[in-house]
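Read through the structure below, which is laid out as structure tokens, and then see the notes.
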Amino acid sequence: MKNLSILYRFTRSIQRNMLCSVPGVVHNTRHAFSTLREDPQLDEMMEFLESLKNFEKSGVPKGAGTDSEDGFDLGRMRRLMGLMGNPQSRFKSVHIAGTKGKGSTAAFLSSILRAEGYSVGCYTSPHIQTIRERITLGKSGEPVSAKALNHHFNTRREVIERAVKLENGCLSHFEVFTAIAFSLFAEENTEIAVVEAGLGGARDATNVISGPDLAISIITTVGEEHLDALGGSLESIAMAKSGIVKNGRPLVIGGPFIPSIECILRRKASSMSSPVVSASDPGNRSALRGFSEVSGIPHQLCDIVLQIEKDYDLFIELLGVKLCMLGAHQLQNAVTATCAALCLNKQGWSLSSGAIRTGLESAFLLGRTQILSSDEANLLGVSGATILLDGAHTKESARALANTLQMTFPKGKMVLVVAMANDKDHLGFARELISVGDLDAVFSTEVDIAGAKSRMASASLLKCAWVNASREMNMKVLDLKVAESEDQSLQAAGIVKSQSILLAEGSLLACVRAGVKILNERTGEQPGIIVVTGSLHIVSAVLRFLHS
């Protein structure tokens, strides 16, 4: 593992050549991806929101999601909602918490409800390209329009400003935008809203939903993300997430969970007289059957067979479901959403098997195992390359991504381009992915988080994590000799077809293009796969470039 500095200089020379050859690309490698502005109609709202505390930008304080003096103040959120007329009580809600899978489960369930013809509100976070993505309305599933969001903010601004003043400026960006979302749902006569918790559950701003207004609660998974904010253990995280359970309302659990964690969730449900439906019930015989392409778009073929007898008697058999969200974890999320749909049926909502199938098959989320089209690859200057975007940022999601890559590209050579926040488990993430498939290179880079770099891990720090992971697994890092010329091919510089892994750092766009060059040198006409991952923010940066 020597000569990494020589390797770094060589790779940067490749990146400079590629970057300078692309018209319209900023040559300052730290800013190759420009920030996409929101619609000008939203300027006043965005300026107001940015004047508030934004924990996505600054990071979540220790103990924020726990029942402690340091925890988020749900009373503050209740007072805000009271001033706004408690709009969250004017529609039924499905409340979703969990470490991973919340957004995908929300997308599946919202799509099912829309397929049956319901007017659905969906509130999720974070967003990829525009804050409007966090709020979808009606039967189309499209993000709220800038015009509608701007008008709604302006009509509520006086009340919101009064609330901020009454709370001595302590209301946060997330709290205020959550209130705006609930208010929009009420104004648009939403029949049912699917609401994703931001952090934890018990203290999260979304937990102003009361028992009578809750249709069902869902807890997808329990993992170690945000340990400090949620009490420091898996058990404390499970307790925080179980705070969304309400008296007498059904709880759907995704999982699978380790026994001690499932026990915590079931014990909380029992204390609230809430029936429990498990997406990991032994009677569920769902399976991933294979992969296919429909109109050039990859799908996974799945059978979803559920037979649950405890608490609720539920059954459905859906064979040959074509999911465009890939991976065994997405099948599990689809099963969780299907369990939720069957629970809603028990409460009088009419959701047919046909609507469930249609909803599952039409659900899609940006940045979740998203494969760019050939036209999009061309815009990045990497014609013919396969580019996969995935916002994985925990070791659990990295493991899910690794499994998906091994299933979908079992023989593909790969390059990873990674950017991560500084509060994530970089080494654990690297351990899960470093041995996936036929990995040729890992590029570390940096992007903005919520418009700033304060929470972004440096590219050099990330590279060190991958170096350490490779050492632990006795994997070789490629040792390059000094390149005599920037035009020299990778092969001439000493790169050979071996199990050695190239580790380097640079700007995002340059890393993608250098990765394609490496794959072309090693695979000839088959360029392999570039996987861009580590954060939804790196996904956002790529998509911003495509749509700027």
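The values are calculated or read from the model by the stated rules, or taken from the named source; none is laboratory data. These numbers were taken from a predicted model, which means no experiment stands behind them. When we count neighbours, we look across all protein chains shown, and the Cβ atoms used for this are built from the backbone with ideal geometry, even at glycine. With ligands, DNA and RNA removed, areas are computed over all heavy atoms of the protein, side chains included. Shrake-Rupley method; radii C 1.70, N 1.55, O 1.52, S 1.80 Å.
When region 199-221 is filtered for residues that are in contact with a Gly (Cβ under 8 Å, 6 or more places away or on another chain) and open to solvent by 30 Å² or more (accessible area, probe 1.4 Å), the ones remaining, listed by number, are Arg203, Thr221. Screening Glu235 with (1) open to solvent by less than 20 Å² (accessible area, probe 1.4 Å); (2) in a helix (DSSP H, G or I) gives one miss only, at (1).
Scan region 369-391 residue by residue and report those that are outside any strand (DSSP E or B), polar (S, T, N, Q) and either over 26 Å from Phe429 (Cα atoms) or touching a residue at least 60 places away in the same chain (Cβ under 8 Å) (or both). Passing the criteria: Ser373, Ser374, Asn378, Ser383.
In this entry, Thr533 is excluded by the filter for residues that are modelled with pLDDT under 85 and of a type in the set (Val, Ile, Thr). If the condition is being in a helix (DSSP H, G or I), touching a residue at least 12 places away in the same chain (Cβ under 8 Å) and among the hydroxyl-bearing types (Ser, Thr, Tyr), then region 245-285 contributes only Ser260.
Does at least one position in region 490-508 carry a residue that is at pLDDT 85 or above and part of a helix (DSSP H, G or I)? Yes; the residues of region 490-508 include at least one that is at pLDDT 85 or above and part of a helix (DSSP H, G or I).
Applying the set (1) under 22 Å from Ser93 (Cβ atoms); (2) in a loop (DSSP other than H, G, I, E, B) to Val194 leaves exactly one unmet item: (2). Residue check: is Ile160 within 18 Å of Asp39 (Cβ to Cβ) and touching a residue at least 24 places away in the same chain (Cβ under 8 Å)? Spelling it out, it is not the case that Ile160 is within 18 Å of Asp39 (Cβ to Cβ) and touching a residue at least 24 places away in the same chain (Cβ under 8 Å). Tell me yes or no: at least one residue of region 247-270 is surrounded by fewer than 21 Cβ atoms within 10 Å (Cβ to Cβ), over 23 Å from His393 (Cβ atoms) and within 22 Å of the chain's Cα centre (by Cα). There is no residue in region 247-270 that is surrounded by fewer than 21 Cβ atoms within 10 Å (Cβ to Cβ), over 23 Å from His393 (Cβ atoms) and within 22 Å of the chain's Cα centre (by Cα). In the condition set (1) surrounded by fewer than 21 Cβ atoms within 10 Å (Cβ to Cβ); (2) touching a strand residue (DSSP E or B) at 6+ places or on another chain (Cβ under 6 Å), Leu314 is compliant with all but (1). Determine, yes or no, whether Leu401 is under 13 Å from the mean Cα position of the chain (by Cα), farther than 26 Å from Val277 by Cα and open to solvent by less than 60 Å² (accessible area, probe 1.4 Å). Answer is yes for this residue. Checked against (1) open to solvent by less than 10 Å² (accessible area, probe 1.4 Å); (2) over 25 Å from the mean Cα position of the chain (by Cα), Glu116 meets all criteria but (1).
Filtering region 350-365 to residues that are in contact with a strand residue (DSSP E or B) (Cβ under 8 Å, 6 or more places away or on another chain) and either open to solvent by less than 50 Å² (accessible area, probe 1.4 Å) or not acidic (Asp, Glu) (or both) leaves Ser353, Ile356, Arg357, Leu360, Ala363. For region 17-73, the tally of residues that are modelled with pLDDT under 75, closer than 26 Å to Arg132 by Cα and open to solvent by less than 80 Å² (accessible area, probe 1.4 Å) stands at 4. Report whether or not Gln330 is among the polar types (S, T, N, Q), in contact (Cβ under 8 Å) with a residue 12 or more places away in the chain and in a strand (DSSP E or B). No.
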